[in-house]
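Structure, as structure tokens:
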Amino acid sequence: MAGKIGVLALQGDVSEHVTAFEDALGPDGEVSLFRDASDIKLFDGIALPGGESTAIMRLIQKAGMLRPLQQYEGGIFATCAGMVLLASEVQDDSLFEPLGVMDMTVKRNAFGRQRESFEADIECKGLETPFHAVFIRAPVVTRVGYGTEVLASLPQGYVAIRHGLHMAFSFHPELGGDLRFHRLFLDRLGL
Amino acid sequence: MILEELKFGTELLKRGFASMQKGGVIMDVVSAEQAVIAENAGAVAVMALERVPADIRKAGGVSRMADPTKIVEITEAVSIPVMAKVRIGHFVEAQVLQELGVDMIDESEVLTPADEEFHVDKKAFSVPFVCGARNLGEALRRINEGAAMIRTKGEAGTGNVVEAVRHMRAIQSEIRMLKGMDDQERAGYARKIEAPVELVMDVANRGRLPVVNFSAGGIATPSDAALMMQLGADGVFVGSGIFKSENPEKMAKAIVETVHHFNDPKVIAEVSRGLGEAMPGIDVHTLTPDERLQTRGW
């Protein structure tokens, strides 16, 4: 079945998400960019890319996308900053109000600054072999609400989680060419 | 849970960091207070400096890496990444910045060069570097040394966008030219611009630089920023343009919004209203060759 995926194109590694979803969907699929809420209902799923969460959040508010994103009924695939946006709460920053799409608390820059960014092979629920994960100034999830499935965790917190149609990652499955998580996401959307 | 050892400072992590900055505005700041204004305006990173380029120009003399106290003060004030500048070739200043936890190092012609023969060996560092370039050859030499991000040099501290335009157009037009060449011609072109053949081939195949390419040097208004984005920049650095303007907070927000809607003149028109005076500008043609920062580095 031909699926439609939209990538939020306000700021961050947008083109990397587009390429990854194009590869995962194959020739029948369609990946487009969106910068406002008007097209959002057309997509089976959307991706919230990595970038700077404060900058993206400001632009979401400015573009009037807060409600449409909160009420979106398709699947959301969120990485790094995208994970921060989906959360209901950011640890140690009560002023920052994320979208609250998933009941969870995230901690920004949980591993430290850029020099502490790392690559590692991690074991993930649902994958037969470890996933080579790229963590860049990554956040982690420190608390999840009812019904959230943890797919991978590190001593600092949860790094891959799933709730209903949504998936959120501390690391960047869109970098590095391993598309297994993209396929798991599309599978649940029936694509 | 970790099966194998962690890997730090890889090429993927460095270039990946730069990719996360795409579509963003990186702002020069000289204090924690300015850094917070920049963050709240939606900057994706700040460049921690002792003085903005316009003031470096006025002060003259030898311009060096900022005081570590200042850099730490700024890194502690914001959650977005912090960048800082080192003199061209000054690898010890770079070691210091890496030690301080700076997220990206700008090996910059805005400071007085420390080495007139060699740039910093950026592959020896785990922190990523951004470097200035005026044309494709210069960009590829820096990438070959390990730069994870390129920015056009422009002419910093002038509030005059003409040089940034010249450099961005030069790089884009060389890439377009490469695409139309066969492999032999490409190899010949690589020799001509003194760039590694493999990198030239890579650029020809991708149709763009293998790293993120920002624009810098002379951007003073929202329209300047949109101009650079429409010419193909992945994002912009704004130096003196924000905190030398009449209303920095408003200017910062306006430039951020413009960069995200760079193809939408309606948005640009709206955010450009009532910004107050932009920074005072300098006609680049009145600068003597010595006063041109862009000719530093090669």
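The values are calculated or read from the model by the stated rules, or taken from the named source; none is laboratory data. Keep in mind the model is a prediction, meaning the values are calculated, not measured. Cβ placement follows ideal geometry from the backbone for every residue including glycine, while neighbour counts extend to all protein chains displayed. Heads up: the accessible areas ignore ligands, DNA and RNA and are worked out on the full protein's heavy atoms, side chains in. Shrake-Rupley method; radii C 1.70, N 1.55, O 1.52, S 1.80 Å.
A compact table of results
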item	result
Residue satisfying condition, being part of a loop (DSSP other than H, G, I, E, B) and either without any contact (Cβ under 8 Å) to a residue 24 or more places away in the chain or of a type in the set (S, T, Y) (or both), within set A:P98, A:P27	A:P27
Enumeration of residues in the range B:190-204 that are farther than 17 Å from B:A170 by Cα and among the acidic types (D, E)	B:E198, B:D202
Among residues of the range B:170-200, those that are aromatic (F, W, Y) and touching a Leu at 6+ places or on another chain (Cβ under 6 Å), counted	0
Enumeration of residues in the range A:85-112 that are of a type in the set (G, A, S) and open to solvent by 10 Å² or more (accessible area, probe 1.4 Å)	A:S88, A:S94, A:G100, A:A110, A:G112
Among the candidates B:E194, B:E185, residue that is among the acidic types (D, E) and assigned to a loop (DSSP other than H, G, I, E, B)	B:E194
Failed item, numbered, when A:S15 is tested on (1) among the small types (G, A, S); (2) over 17 Å from B:G24 (Cα atoms); (3) without any contact (Cβ under 8 Å) to a residue 40 or more places away in the chain	(2)
Checking A:E16 against (1) under 21 Å from B:I26 (Cβ atoms); (2) open to solvent by less than 20 Å² (accessible area, probe 1.4 Å); (3) of a type outside the set (A, V, I, L, M), the condition it does not meet	(2)
The listed residue being within 14 Å of another protein chain (Cβ to nearest Cβ), crowded, with 23+ Cβ neighbours inside 10 Å and either touching a residue at least 60 places away in the same chain (Cβ under 8 Å) or more than 22 Å from B:K14 (Cβ to Cβ) (or both), out of A:G64, A:G82, A:G51	A:G82
Any helices (runs of 4 or more DSSP H) falling wholly within the range B:1-68 and containing at least 3 residues that are touching a Ser or Thr at 6+ places or on another chain (Cβ under 7 Å)	B:53-59
Subset of the range B:9-56 that is of a type in the set (K, R) and at the interface with chain A (Cβ under 10 Å from one of its Cβ atoms) - its residue that is nearest to the chain's Cα centre (by Cα)	B:K22
Those residues of the range B:1-51 which are among the aromatic types (F, W, Y) and open to solvent by less than 10 Å² (accessible area, probe 1.4 Å), in sequence order	B:F17
Set A:E119, A:E123: member being of a type in the set (D, E), open to solvent by less than 30 Å² (accessible area, probe 1.4 Å), more than 17 Å from the chain's Cα centre (by Cα) and at the interface with another protein chain (Cβ under 9 Å from one of its Cβ atoms)	A:E119
Enumeration of residues in the range B:249-263 that are open to solvent by 60 Å² or more (accessible area, probe 1.4 Å) and either under 30 Å from B:H119 (Cα atoms) or not in a helix (DSSP H, G or I) (or both)	B:N263
Selection status of B:L275, open to solvent by 60 Å² or more (accessible area, probe 1.4 Å) and either farther than 30 Å from B:E117 by Cα or not in a helix (DSSP H, G or I) (or both)	no
Test set (1) away from every other protein chain (no Cβ under 14 Å); (2) surrounded by 21 or more Cβ atoms within 10 Å (Cβ to Cβ); (3) of a type in the set (G, A, S) - B:G61 fails condition number	(2)
Search result, residues across the range B:197-248 that are among the charged types (D, E, K, R) and open to solvent by 30 Å² or more (accessible area, probe 1.4 Å)	B:E198, B:D202, B:R206, B:R208, B:K244, B:E246
Candidate set: the range B:232-267, residues that are closer than 27 Å to B:A170 by Cβ and among the aromatic types (F, W, Y); chosen: the one nearest to the other protein chains (Cβ to nearest Cβ)	B:F262
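Every residue, every condition in (1) part of a strand (DSSP E or B); (2) modelled with pLDDT under 95; (3) within 11 Å of another protein chain (Cβ to nearest Cβ); (4) crowded, with 16+ Cβ neighbours inside 10 Å, yes or no:
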{"position": "A:L127", "(1), (2), (3), (4)": "no, no, no, yes"}
{"position": "A:A152", "(1), (2), (3), (4)": "yes, no, yes, yes"}
{"position": "A:I161", "(1), (2), (3), (4)": "yes, no, no, yes"}
{"position": "A:F171", "(1), (2), (3), (4)": "no, no, yes, yes"}
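Here is a yes/no grid of residues against (1) under 14 Å from the mean Cα position of the chain (by Cα); (2) crowded, with 20+ Cβ neighbours inside 10 Å; (3) of a type outside the set (D, E, K, R):
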residue: B:I80; (1), (2), (3): no, yes, yes
residue: B:V92; (1), (2), (3): no, no, yes
residue: B:L136; (1), (2), (3): no, yes, yes
residue: B:H167; (1), (2), (3): yes, yes, yes
